[in-house]
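Trainee: Below: one structure in structure tokens.
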Amino acid sequence: MDVTLDGDRCTACGAVFFPALRWGCERCGAAALEPAVLDAAGTLLTYATVRLADPPYTIGEIALDAGPVVRARLLPPDGAGLRFDARVHGVRTDEDVCFAQEADDRA
Amino acid sequence: MRDVHVVGVGLHPYGRASDTPYVALGVHAVRQALADAGLAWTAVQAAYTGSALLPMGISRLMYRHLGATGIPMAQVENASASGSTAVRQAWLDIAGGHHDVVVACGVDKPMALPMPREAAGITDLVGDLAFPAVHFALLANRYLHDHGLDPEVLARVAVKNHGNAARNPNAQRRAPRTLEEVLDSGPLVDPFTRLQACPIGEGAAAVILASDAGIERLGLDRGRAVTITASAARSELAAERENFDVALTRATAAEALAQAGLTPADLDIVELHEAFTIEELLYVEALGLSAPGAAAADLLDGAFDIGGRVAVNASGGLIGMGHPIGPTGVGQVCEITAQLRGEAGDRQHPGATRGLAHMVGVGAVCVAHVLERTAA
């Protein structure tokens, strides 16, 4: 099953947010936002591997197809084989959502 | 608006957190600034205290040791830009004609590192996993990728700034570092090593600002006064794809330079927020000191060295001098003032007449000041 993220959408200007903004739209100031379920799929803008941590983990910045730019853990945790601008999608691991490169976008 | 001048500067050296109360740090810096200006505390009409990591209500507990004069005082919190914002409040106060002599003192100790996003009820996918080094590593990796650069160029920023700090008696890190030492200083977040990140310790910095009327009435030395010819502050716009740190700095610096009637090429000395090495490359481009993508080449050419085209972080910057948060933005104004007066000793940038101080703070906010030696 495809992984989704619970964001929200401004009822006035249509801007989409993740995490949900709830109390008012950053773009236009309207108070009314409605829940929006976003596909956890997009493009990998950049990533960084945290070597301080044992074991290391990798955080990525992903431009979701739905609009928002989100940060998430990436697989594999050591960042091996990740490429800038690759297609990535959400993967549910335990409690969290991570992102991984799509098969035909692996190096 | 009235002209505003820096008439006195003072610092308590930055260092690792110790048992010394913040009061001792702040009083030291303010007394030094008063002595530098040739002023008595009784001449100061208002006080702003820049601090982000201390509790509320710290101002009077500190200033009372100079003699309780009953002046208005307030604590200014604006993340890493707290000190810069305290300077701006003092500037607004004098420019607006409310007072003639005002002190801005940045003082801090790492007593608390709060998580504002958590307090704002934001639950994202990464939480504390994306700490500040991660944020800037994300920017760094994309920048290196886009410009086809080796991560070694980032270490060169650290070599320059550690070298400058070695010549600054108020710096937290006094050891010059070779490229190898920076690269081998221990892992952090790729592409940074430990010596490519700022230390967060303790310290204090104070500046006394005055109007022309104040200078005249108190008989201060006009020849050592440095004029604040612009003060600009902005906050982040609604999220776009573009790197907001760069966009925010570009807009704030442009506003400051326009206010001063200067172009980037007019600047001799720039103190900017490089909590991590990548920021120096990003911001010299955002400030217009380098063409887009040219910062690394300019750095390697020595353009940002003391004695280069424009000295960037001659104090040692956040990486070398340190980043005790509240003092940092005030300390930048102290450094630029010393440089424009020709009193920066071993790290004097020859012919420095115009400078810009820049800080960003998480949130995000940005504050910039332009200082010029205008006195005859």
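Trainee: How many residues are away from every other protein chain (no Cβ under 14 Å) and touching a Pro at 6+ places or on another chain (Cβ under 9 Å) when one looks only at the stretch B:94-122?
Mentor: Residues in the stretch B:94-122 being away from every other protein chain (no Cβ under 14 Å) and touching a Pro at 6+ places or on another chain (Cβ under 9 Å): 9 in total.
Trainee: When A:Ala53 is evaluated against the numbered criteria (1) touching a residue at least 24 places away in the same chain (Cβ under 8 Å); (2) facing chain B (nearest Cβ under 9 Å); (3) in contact with a helix residue (DSSP H, G or I) (Cβ under 9 Å, 6 or more places away or on another chain), which criterion, by number, is the only one it fails?
Mentor: (1)
Trainee: Looking only at the stretch A:61-78, filter to residues that are more than 8 Å from chain B (Cβ to nearest Cβ) and among the small types (Gly, Ala, Ser); which one of those is farthest from B:Ala140 (Cα to Cα)?
Mentor: Going through the qualifying residues, I end up with A:Ala66.
Trainee: Among the residues of the stretch B:17-67, which ones are assigned to a helix (DSSP H, G or I), of a type outside the set (Gly, Ala, Ser) and under 13 Å from B:Gly203 (Cα atoms)?
Mentor: B:Tyr22, B:Val23, B:Leu25, B:Val27, B:His28, B:Val30
Trainee: Would you mind telling me which numbered condition in (1) outside any strand (DSSP E or B); (2) crowded, with 22+ Cβ neighbours inside 10 Å; (3) within 8 Å of chain B (Cβ to nearest Cβ); (4) not hydroxyl-bearing (Ser, Thr, Tyr) A:Leu82 fails?
Mentor: Against the list (1) outside any strand (DSSP E or B); (2) crowded, with 22+ Cβ neighbours inside 10 Å; (3) within 8 Å of chain B (Cβ to nearest Cβ); (4) not hydroxyl-bearing (Ser, Thr, Tyr), A:Leu82 comes up short only on (3).
Trainee: Restricting attention to the stretch B:164-181, and to residues there that are without any contact (Cβ under 8 Å) to a residue 40 or more places away in the chain and within 23 Å of the chain's Cα centre (by Cα), which single residue is surrounded by the fewest Cβ atoms within 10 Å (Cβ to Cβ)?
Mentor: Among those that are without any contact (Cβ under 8 Å) to a residue 40 or more places away in the chain and within 23 Å of the chain's Cα centre (by Cα), it is B:Ala175.
Trainee: Same structure again: Among the listed residues A:Thr93, A:Thr46, A:Thr58, which satisfies the condition of being more than 11 Å from chain B (Cβ to nearest Cβ) and of a type in the set (Val, Ile, Thr)?
Mentor: A:Thr93
Trainee: For the stretch A:66-75, check the following and say yes or no: at least one residue is in contact with a strand residue (DSSP E or B) (Cβ under 9 Å, 6 or more places away or on another chain), touching a residue at least 12 places away in the same chain (Cβ under 8 Å) and either exposed (fewer than 14 other Cβ atoms within 10 Å of the Cβ) or of a type in the set (Ser, Thr, Tyr) (or both).
Mentor: For the stretch A:66-75, residues in contact with a strand residue (DSSP E or B) (Cβ under 9 Å, 6 or more places away or on another chain), touching a residue at least 12 places away in the same chain (Cβ under 8 Å) and either exposed (fewer than 14 other Cβ atoms within 10 Å of the Cβ) or of a type in the set (Ser, Thr, Tyr) (or both): absent.
Trainee: Follow-up question, since we're still on this one. Name the residue that is nearest to A:Ile62 (Cα to Cα), counting only residues in the stretch A:20-43 that are facing chain B (nearest Cβ under 10 Å) and touching a Gly at 6+ places or on another chain (Cβ under 7 Å).
Mentor: Filtering first and then ranking leaves A:Ala40.
Trainee: Restricting attention to helices (runs of 4 or more DSSP H) lying wholly within the stretch B:69-152, give those where 2 or more residues are more than 28 Å from B:Asp3 (Cβ to Cβ) and either under 21 Å from the mean Cα position of the chain (by Cα) or free of Cβ contacts under 8 Å to residues at least 40 places away in the same chain (or both).
Mentor: B:116-119, B:132-147
Trainee: Which of (1) within 16 Å of B:Ala104 (Cβ to Cβ); (2) in contact (Cβ under 8 Å) with a residue 60 or more places away in the chain does B:Thr20 not meet, given it meets every other one?
Mentor: (1)
Trainee: State whether one or more residues within the stretch A:33-50 are part of a loop (DSSP other than H, G, I, E, B) and surrounded by fewer than 19 Cβ atoms within 10 Å (Cβ to Cβ).
Mentor: Within the stretch A:33-50, not a single residue is part of a loop (DSSP other than H, G, I, E, B) and surrounded by fewer than 19 Cβ atoms within 10 Å (Cβ to Cβ).
Trainee: For the stretch B:17-53, which positions are surrounded by fewer than 20 Cβ atoms within 10 Å (Cβ to Cβ) and charged (D, E, K, R)?
Mentor: B:Asp19, B:Arg31
Trainee: What residue, among those in the stretch B:183-230 that are outside any strand (DSSP E or B) and β-branched (Val, Ile, Thr), is surrounded by the most Cβ atoms within 10 Å (Cβ to Cβ)?
Mentor: Here the answer is B:Ile200.
Trainee: Next question. If the Cβ limit is 9 Å and pairs must be 6+ apart or interchain, which residue in the stretch B:208-227 that is touching a residue at least 24 places away in the same chain (Cβ under 8 Å) and more than 18 Å from B:Gln339 (Cβ to Cβ) pairs with which residue that is among the polar types (S, T, N, Q) and not in a helix (DSSP H, G or I)?
Mentor: Filtered contacts from the stretch B:208-227: B:Gly214/B:Gln45.
Any read-out appearing in this document is the output of simple, stated calculations on the displayed coordinates, not a laboratory observation. This is a predicted model, so every value here is computed, not measured. We place every Cβ from the backbone using ideal geometry, glycine too, and count neighbours over all the protein chains shown.
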